[in-house]
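Beneath this line is the structure, given in structure tokens, with notes to follow.
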Amino acid sequence: AEILQLPIEKSGFLTKKSIKTHKVTNPKKRWCVLRGNFLYYYASQSQTHANGVIPLEYYDLQQNRNKQKYELTLVVNEETCFVNGSPTYVLECDEEKEFRPWFMAIIRKCVIGAATTVFGVPLADVMARKVNHKQIPVVVTKAVEFLRAENRLKLQGLFRLSGSSATISKLKDDFDRGLNIKFSDDLDPNVIAGLLKLFVRELPEPLLPFDMYTRFTTISLEKDPSEITK
């Protein structure tokens, strides 16, 4: 039964097919509703009872994005799922603009995604993870190290000129998947600057948090330098 008390986090039409023991069901367009860690799917938007539900906390999310298809593949994580023979689900978005929102909404619920997503996640949550051995998120560390090397910080227009949005989006997805990213030396510095700006822009709370706002405004009015450092 659908857990109705949980708020709807995302909904929309996706083309769904399932794969089980080498049998593939015919693709069918379904109205999908994300509540908590569960993705419910219906034959129509007006239907009140779900045809089925996917418990995302037992799945890993893979993506297949090319010019023809925008697919999200949910593969059961054998270490967390106690049900044998659980199917693989393939969810296809009709348009590219729908792909990223669905990807980000679902990956945070999955086994790997919940522990690796860094964009759009509160900074305190990212830093509380056991995999973080440093005090700064890895995407920030790698971006700053890249920009500081080879005098890239002196490039005219850095942080003002736009880098390739497609490359920035790809790097964002890779960091959210927890991949070990290495920037090539010939990568456009504007791409990395754009990636860093995107990370800061998508933080749910600004770098100067709301509960510190009054303190910072008070400090800005202080004329005595010795008082500012206290």
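The values are calculated or read from the model by the stated rules, or taken from the named source; none is laboratory data. These numbers come from a predicted model, not from an experiment. Neighbour counts run over all protein chains shown; Cβ positions are idealised from the backbone, glycine included.
Could you say whether any residue in segment 151-166 is under 30 Å from residue 54 (Cβ atoms), loosely packed, with under 13 Cβ neighbours inside 10 Å and of a type in the set (A, V, I, L, M)? For segment 151-166, residues under 30 Å from residue 54 (Cβ atoms), loosely packed, with under 13 Cβ neighbours inside 10 Å and of a type in the set (A, V, I, L, M): present.
Could you check segment 149-190 and list, in sequence order, the residues that are part of a helix (DSSP H, G or I) and either within 18 Å of the chain's Cα centre (by Cα) or within 20 Å of residue 116 (Cα to Cα) (or both)?
Across segment 149-190, the qualifying residues are 165, 166, 167, 168, 169, 170, 171, 172, 173, 174, 175, 176.
For segment 131-141, the condition holds for at least one residue, the condition being that it is surrounded by fewer than 10 Cβ atoms within 10 Å (Cβ to Cβ), assigned to a loop (DSSP other than H, G, I, E, B), β-branched (Val, Ile, Thr) and under 22 Å from the mean Cα position of the chain (by Cα).
Condition test on residue 48, is it free of Cβ contacts under 8 Å to residues at least 24 places away in the same chain and exposed (fewer than 14 other Cβ atoms within 10 Å of the Cβ)? So residue 48 passes the test. Being of a type in the set (Val, Ile, Thr) and more than 30 Å from residue 74 (Cβ to Cβ) is a property that does not hold for residue 117. Sub-8 Å Cβ pairs linking a first residue in segment 188-209 that is more than 18 Å from residue 150 (Cα to Cα) and in contact (Cβ under 8 Å) with a residue 12 or more places away in the chain to a second residue that is β-branched (Val, Ile, Thr) and exposed (fewer than 14 other Cβ atoms within 10 Å of the Cβ), at least 6 apart or interchain, are 207/200, ordered by first then second residue.
Being among the polar types (S, T, N, Q) and assigned to a helix (DSSP H, G or I) is the filter; apply it to segment 191-230 and report the residue that is modelled with the highest pLDDT.
214
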